[in-house]
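J.: Take a look at this one; I'll ask things after.
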Amino acid sequence: MSGGRSRERCTPCCALVIFGAGGDLAKRLITPALYNLAKQDQLPERFAIVGIDHNEKTDDEWRNGLHDFLEQLVKSGKGEFEAQNIDEDVWGRLAKTMSYIAGDFLEPDTYARLRDHLQERDRKEDLEGHAVFYLAAADRFFGPIVDALGKAGLADEENGWRRVVIEKPFGHDLPSAKALNARILKVLREDQIYRIDHFLGKETVQNIMALRFTNGLFEPIWNRDRIDHVQITVAESIGIGTRGKFYEQTGALRDMVPNHLFQLVAMTAMEPPTSFDADEIRTKKAEVFKAVHPLSPDAAVSGQYGPGEIGGKKVAGYREEPNVAKDSPVETYVALRLMIDNWRWAGVPFYLRTGKRLPDRWTEIAIHFKHAPLALFRDTPVGTLGPDWLILQIQPDEGIRLRFNAKRPGTEMHLESVAMDFKYADWFKQAPAVGYETLLYDCFAGDQTLFQRADQVEAAWAVVQPVLDNWAKVRPKDFPNYAAGSAGPACADELVQRDGRAWRPIR
Ligand code: BG6
């Protein structure tokens with residue numbers, strides 16, 4: 001969690017260069033976030049946005065394309081862009097800062113033109129030489145773009161700071177993540193690199209630190225003495241849609257686990273940091289991954305969705321999706337059992353699961369407290385005591401819920417599980433932001449707390465590498481093994497049943 005956010009913290013001026021300016025990420029997430037920042041007057045006062053992509057386009061064509069896309073987002077009410085309409089004044093101010101360069105990311109000439117263009121914009125807008133390069137392009141370009149920025153002198157900081165934002169996937173396994181780190185660290189210092197995991201921008205994820213470390217209530221019970229196990233669920237009802245080509249190379253484990261799910265694990269399991277210093281917090285998170293017990297083959301199970309029904313609508317199976325092989329062995333679901341070998345967590349399983357085409361979009365961290373001793377109730381109609389749960393509801397319905405036992409009114413002692421609820425929307429009268437606003441703002445401000453350091457990324461890949469190695473050797477024979485709209489494959493239930501536990505229902 002970044003320290004106190006204030007207007008002064010944001011840089012007064014900089015350029016933002018977006019590689020992949022015509023791509024999905026730029027349209028769907030970066031532009032809405034920039035618009036929201038502009039609306040809240042939280043962009044640098046002197047600002048220039050430069051888009052780069054391979055298609056020939058004029059500045060106006062690029063700007064108008066983005067405007068049309070924002071309008072579509074508003075009309076469809078889909079996606080994370082919550083605006084009811086586009087404030088044309090705000091858009092006009094933002095659009096004035098935008099210019100476009102057509103160029104091939106692999107051509108040195110592109111970078112020579114970019115350098116000239118930035119110098120020109122710098123002269124006009126007085127940007128003091130500061131620039132953020134946002135790599136919103138396909139991951140195969142990350143290394144080459146950073147090399148080319150270096151060769152063109154664009155990463156030099158003689159006349160202002162230079163920062164590079166790198167999207168996920170950061171590598172596709174441990175060796176490739178290490179190689180990418182080594183390659184970019186030849187050109188950039190670690191403090192110039194902002195590796196994004198957009199889960200860290202979510203308010204509900206940042207709030208985990210506030211919950212744990214600003215309340216005297218939770219920390220004393222946040223350990224193996226009081227906690228039985230933790231369940232982390234990132235369920236999605238969407239399928240693969242048009243991303244078949246990407247997903248066939250990726251699968252659920254790579255796409256979601258060492259990044260998004262592990263951010264949730266780290267926030268839940270980390271030791272209290274001693275300050276808000278970015279490196280202190282990132283060190284505490286990396287220590288969690290380093291303490292994970294090496295995963296044995298039976299600690300991970302996978303699944304792939306077949307045809308089914310979601311929300312009363314029939315949907316195709318994964319193998320029928322566009323650009324997916326008819327006999328694809330790629331997993332769309334994964335469940336893991338992690339053990340963290342340290343004094344706080346030894347013996348407390350962390351069960352993780354994520355999948356596509358599950359019944360609902362639902363992300364939660366559920367903390368199951370140990371049962372109370374039953375002796376007091378032995379001679380009453382109460383047969384067993386239900387567990388106490390603390391549920392951190394990440395999305396949607398963002399909030400925190402405590403479930404505990406209460407006596408049902410009446411002459412006899414009957415218990416019922418009841419809930420205390422905090423909902424962001426009720427309390428703050430606003431839904432939490434998507435996250436890209438915070439991440440962009442922090443990058444302009446030079447705050448790396450919410451970005452991944454090289455060692456964190458590598459430690460996370462190191463945890464899942466044995467599973468990747470194992471899966472590379474054995475082709476799943478039972479795929480598809482769960483129907484779209486169901487809660488996942490039977491093997492995931494068995495994973496927790498082996499320990500005498502059960503998954504919580506999804507939503
Ligand atoms: C992306 C994954 O990083 O995160 C997608 O590539 C996934 O497969 C998405 O759907 C989930 O993000 P969110 O913010 O919608 O939960």
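J.: Of all residues in segment 221-252 being acidic (Asp, Glu) and farther than 20 Å from Arg361 by Cβ, which is farthest from the ligand (Cβ to nearest atom)?
T.: Asp225
J.: Working carefully through the options Gln456, Gln465, find the one that is open to solvent by less than 10 Å² (accessible area, probe 1.4 Å) and under 20 Å from the mean Cα position of the chain (by Cα).
T.: Step by step, each of Gln456, Gln465 is checked, and only Gln456 is open to solvent by less than 10 Å² (accessible area, probe 1.4 Å) and under 20 Å from the mean Cα position of the chain (by Cα).
J.: Of all strands (runs of 3 or more DSSP E) completely enclosed by segment 85-192, which ones contain at least 2 residues that are touching a Cys at 6+ places or on another chain (Cβ under 9 Å) and open to solvent by less than 50 Å² (accessible area, probe 1.4 Å)?
T.: 131-135, 162-166
J.: Please go through segment 278-295 and give me each residue that is in contact (Cβ under 8 Å) with a residue 24 or more places away in the chain and either farther than 19 Å from Arg224 by Cα or outside the structural domain of Arg361 (by TED's automatic domain parsing) (or both), ordered by number.
T.: The answer is Ala278, Asp279, Ile281, Arg282, Ala286, Pro294, Leu295.
J.: Separate question: (1) outside any helix (DSSP H, G or I); (2) more than 29 Å from Glu309 (Cα to Cα); (3) within 12 Å of the ligand (Cβ to nearest atom): which one isn't true of Thr204, the others all being true?
T.: (1) is the only condition that Thr204 fails.
J.: Further question: I'd like to know if segment 338-352 contains one or more residues that are open to solvent by 50 Å² or more (accessible area, probe 1.4 Å), small (Gly, Ala, Ser) and not assigned by TED's automatic domain parsing to the domain that holds Gly239.
T.: No; the residues of segment 338-352 include none that is open to solvent by 50 Å² or more (accessible area, probe 1.4 Å), small (Gly, Ala, Ser) and not assigned by TED's automatic domain parsing to the domain that holds Gly239.
J.: Need pairs with beta-carbon distance below 8 Å; first residue more than 11 Å from the ligand (Cβ to nearest atom) and within segment 424-436, second modelled with pLDDT of 90 or more and basic (Lys, Arg); sequence gap 6+ or separate chains.
T.: Note: pairs meeting the criteria are Pro432/Lys202.
The values are calculated or read from the model by the stated rules, or taken from the named source; none is laboratory data. Keep in mind it's a predicted model, so treat the numbers as computed, not measured. Positions of Cβ are generated from backbone atoms using ideal geometry, with glycine treated the same way; all protein chains shown enter the neighbour counts. Heads up: the accessible areas ignore ligands, DNA and RNA and are worked out on the full protein's heavy atoms, side chains in. Shrake-Rupley method; radii C 1.70, N 1.55, O 1.52, S 1.80 Å.
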